[in-house]
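**Q** Shown below is the structure under consideration.
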Amino acid sequence: MASTTGRALGKRLRPTNREAEAPLWAQVKASLTGLILGEGLQDHARLPSETELCARFGVSRTVVREAMSQMVNEGLIYRLQGKGAFVAGRRDEQDFVGTTVGFSGELADKRKQVTRRILRQETGPATARIRKLMRLEEGERLVYVDRVMAVEGTPRMIVRWAVIERVAPGLEAVPLENRSLYDTIGRQYGIRLARAERWIEAVAAMGEDARLLQVPEGTPVLGIESAAFDQTGQAVEYYTALYLTDRSRLHFTVASPSF
């Protein structure tokens with residue numbers, strides 16, 4: 001189905017019914033959704049152009065755009081500037097942001113192949129931002145490990161990670177290309193994370209980050225910042241990450257508040 005053109009797909013669609021109670025955009029949306037789900041279109045298959053859809057459904061461009069905007073919001077399709085609309089890939093649920101489980105460790109449990117490309121692995125002083133979030137004294141040194149994480153060969157996440165050097169001495173020399181960081185610090189240094197404080201915001205991948213993720217500049221990603229603590233309340237780990245959510249979604253478990 002990946003080789004099926006948008007024009008060929010358009011021939012399977014039927015004009016809207018202006019006598020029906022459903023709005024025209026809802027009819028267009030229902031027809032396109034049925035085409036995607038009923039025909040079992042492959043992920044990233046290209047849909048007919050807006051011009052083709054207007055002609056096929058007998059509606060205006062405004063109607064088609066409203067239908068497609070709703071489908072984008074529901075995660076059924078995505079758009080690429082100047083290229084058209086495509087079937088969205090099925091999204092895996094990821095729990096790593098809401099727990100102290102690592103990204104690669106969680107995906108390993110789901111039988112996903114995770115590969116890691118090391119960008120930087122060295123020691124250095126803590127920045128002012130890290131000192132603030134981890135509540136560190138000036139002069140504290142960290143081991144920095146920057147990596148690109150890929151799932152089934154597709155870049156998914158850039159992680160710029162740091163751990164206090166005195167609790168993980170020599171980590172800068174440990175081969176990490178084929179290892180989970182959390183498994184390594186747990187087994188080799190006995191580090192167990194008890195809780196983490198995290199901040200999440202929508203950002204755009206730009207410059208080198210966009211190149212590493214293999215996406216156009218301006219592609220929306222999630223920006224994550226985290227500071228994690230061990231059972232004694234000692235700050236141990238810090239990271240920032242850029243996470244692509246086009247093929248996955250984040251899952252959180254939220255406890256009921258006490259009053």
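The values are calculated or read from the model by the stated rules, or taken from the named source; none is laboratory data. Source: prediction; values computed, not measured. In this analysis, Cβ positions are derived from the backbone assuming ideal geometry, glycine residues included, and neighbour counts consider all displayed protein chains. What goes into the accessible areas is simple: the full protein's heavy atoms, side chains included, and nothing from ligands, DNA or RNA. Shrake-Rupley method; radii C 1.70, N 1.55, O 1.52, S 1.80 Å.
**Q** Just to confirm the filter: which GluC sites (Glu not before Pro) across region 153-252 are DSSP coil and have at most 13 other Cβ within 10 angstrom of their Cβ?
**A** E177, E217
**Q** Calculate, for K132 and R61, the FRET efficiency according to 1/(1 + (r/R0)^6) with r their C-beta to C-beta distance and R0 35 Å; round to the nearest 0.05.
**A** The value I calculate is 0.10.
**Q** Continuing with the same structure: Give the calculated FRET efficiency between E177 and D43 to the nearest 0.05, with a Förster radius of 22 Å applied to their Cβ-Cβ distance.
**A** 0.20
**Q** With the Cα gyration tensor of region 111-249 giving a ≥ b ≥ c as the square roots of its eigenvalues, does the rule (a/c under 1.5 for rounded; else a/b larger than b/c for prolate; else oblate) give rounded, prolate or oblate?
**A** Prolate, because a/c is 1.5 or more and a/b exceeds b/c.
**Q** For region 195-243, what relative contact order do you get, as a whole percent, if you take Cα pairs closer than 8 Å and at least 6 residues apart?
**A** 37
**Q** Considering only protein heavy atoms, what is the solvent-accessible area of W25 at a probe of 1.4 Å, reported in Å² to the nearest 10?
**A** 90
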